[in-house]
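Just so it is clear, none of the values below were taken in a lab; they were calculated from the coordinates. Nothing here was measured: the structure is a model prediction, and the numbers come from that model. We place every Cβ from the backbone using ideal geometry, glycine too, and count neighbours over all the protein chains shown.
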Amino acid sequence: MRKTAVFLILLGLPFLLSACQSYEIVYTDDDPFILEMKGDDLNILQITDLHLTYGYDYRDRQTFQLIETLNQKDDYDLIVITGDLTMSPSGPAIFAKLIDFMESLRTPWTFVFGNHETDFHTYGDFLRRIPKDTTYLYFKVGPEIENGGVGNFHFTITKEGIPFYRLYMLDSKAERKVYTEEEGVYDYLSTSQVDWYKHHVTTDTTKSIVFMHIPLRQFIDVETYDGNFLEDKVYAQGVDTGFFDAMVFHGKSVAVFVGHDHLNDFSFMKDGVLLAYGRATGLNGYGNLEKGGRHIEVKQDGTLYTIIMTGVSQP
C-alpha cells in the first residue's frame, strides 16, 4: 500500500510542479496576420468543441481522424478551431499533441479559447506549450485589453497581394457568474473588446467575418433557421455589451461563427448578419448529433456560402 501511494505521488508530481510554476502572459502587437489565398475563392474549415480528454483514447483518436477527413474535402486556406480544444486535467499536454497533429496537416490553422480550457489550468499553461517554430499555426496573444482574455487578433486575407477579406478572432472567455434569469451564467465580450473591434473595422476596406466560442445574445432571437436546434435553449454570453450592434452599424462584418452548444448547428440572418454555429467536432463531447465541421466559402464576387459537413458529406 505504501509503495502504491508513493508511486501515485510521483506520478502526479510533474502535474503539481507545472501547476505551481507561473507563466507570464506576454501581450503582443496588434498587427494583422497576412494570409495569401490559394485560389480564387476563400475556403475556411471551422471545427469546434474538440473536447480532447485523454489524447490517446479511441474517441480522441476518432476526433483526430475526423479533422483529417474534413480537411481533405477541400484545399483549405485556413482551419479555425472555435474553442474548447480540451477538457481535461491533462489539457496542456493534450494541446501540445493537438499542435503536432494540426501541423502535420500542412494547412494554415488558428484557434480561439473556449470556456473549458481553464477548467483545470490557466491560459499560461496552454501558451507555454506553443513552440516557437510552428509553420502553419497563426495565433498571437494580441494586445492587452481590459477584461479581454487572451487571443484577440485579426487577419487580412489577400488575393495576389491585394486585401480580399478580413477575419476577427475574439476570446469570449470562461468565467461563470450568476446573472439575472434574463441574462445567463456564461462570460461575455467586454466593452473594451467591442472597442477594439470598432477601432479596426472602421478602417476596413473589405468585408469580414468573426469567430468566437460562446454565442452572442442575438442567437437567442432565432425564429426561422437552417440546420439543427436541439439544445433546450441557446446558452449565450451572459451580457450583451454591444458587439452585434457594432457589426450592424459599421456594416463590414457579414457573419459570426461560434461553437459551445454541441446540439446546435443552425444559422439564420438577423439585421443583415449571418449568425451561425459550427458543428461540434469532438467525439468525447456530449450529444449524439453526428460530429463534423462547417465549410465556409467566400466566392470571388464576395458571396458567402456555408454548409455543415460530417465525415461523409461533401460541401
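What the table shows:
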read-out	value
Taking Met37, Met169, Met247 and counting other C-beta atoms within 10 Å, the order from fewest to most	Met37, Met169, Met247
Alpha-carbon Rg with Dmax, taken over the chain, Å	19.2, 70
For Ser253, distant residues with modelled amide H under 5 Å away	Ser208
Loop trypsin sites (Lys or Arg not before Pro), the range 110-142, which have at most 13 other Cβ atoms in a 10 Å radius of their Cβ (DSSP)	Lys132
FRET efficiency estimate (nearest 0.05) - Cβ-Cβ, Leu105 to Glu24, R0 30 angstrom	0.45
Restraint check, Lys140/Lys291; Lys38/Lys207; Lys73/Lys299; Lys38/Lys270, Cα-Cα greater than 26 Å	Lys140/Lys291; Lys38/Lys270
Chymotrypsin sites (Phe, Trp or Tyr not before Pro) within the range 37-137, DSSP loop, no more than 15 other Cβ atoms inside 10 Å	Tyr54, Tyr56
Which of Leu274, Gln65, Ala255, positive extreme of dipole for the chain (C-beta unit charges)	Gln65
For the range 85-128, the fraction of alpha-carbon pairs in successive 5 Å shells from zero, as %	5, 23, 32, 22, 12, 5, 0
Cα gyration tensor category, rounded, prolate or oblate, for the range 185-253 with a/c compared to 1.5	oblate
Where GluC sites (Glu not before Pro) fall in DSSP loop in the range 71-149, at most 14 other Cβ within 10 Å	Glu144, Glu146
Rounded to 5, the percent of DSSP beta bridges in the chain classed as antiparallel	45
